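The values are calculated or read from the model by the stated rules, or taken from the named source; none is laboratory data. Since we're looking at a predicted model, the values are computed, not measured. Ideal geometry is used to build each Cβ from the backbone, glycine not excepted, and the neighbour counts take in all protein chains shown.
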Amino acid sequence: MRGAWFFICSVLATPVAALDVPSGQPVELQEVLLDQVGTEDWVRFRFVTPGIARDGGSVSYETAAEDMTHLCERLAIPYIGEFALTADVIIIALADRITEFGIPDPDATQFIEAYRADGDTCSW
């Protein structure tokens, strides 16, 4: 994984599934990215969640934070296991629209959290 991004799943034409989160907001998986940062393996899960939009959204960061932990524990940890990935750090990123990774989009609202897995639990 050194020095390159690998796309496990790219932008989806249709949602993978209706992902249930505590807030009830609609959530779609945009992509999963693998990277090595220093000596750590990072797995980034990027989701589209229109409910967090600055203009017209109704989901606050505090509410979305519960959703991110839920996605880490219920989707990311099983995914990592299913594909036999190594993950020292799990990133859960929510954006109100599809964005290109690493490209600034000042109009987008994004919430990002980093976790470490401890069994079936994600911790900040």
Are any residues in the stretch 43-72 buried (at least 18 other Cβ atoms within 10 Å of the Cβ) and within 21 Å of Gly119 (Cα to Cα), and if so, which ones?
Val43, Arg44, Phe45, Asp67, Met68, Thr69, His70, Leu71, Cys72
Every residue from the stretch 73-100 that is surrounded by 14 or more Cβ atoms within 10 Å (Cβ to Cβ) and part of a loop (DSSP other than H, G, I, E, B)
Leu85, Ala87, Asp88, Asp96, Arg97, Ile98, Thr99
Starting from the stretch 53-65, take each residue that is at pLDDT 95 or above and list its partners that are β-branched (Val, Ile, Thr) and not in a loop (DSSP other than H, G, I, E, B), counting only C-beta distances under 6 angstrom and pairs at least six apart or across chains.
Val59/Ile52; Ala64/Ile52
Under the condition of being of a type in the set (D, E, K, R) and closer than 22 Å to Asp120 by Cα, which residue from the stretch 63-107 is farthest from the chain's Cα centre (by Cα)?
Glu82
Residue check for Arg44: at pLDDT 95 or above and over 17 Å from Pro22 (Cβ atoms)
yes
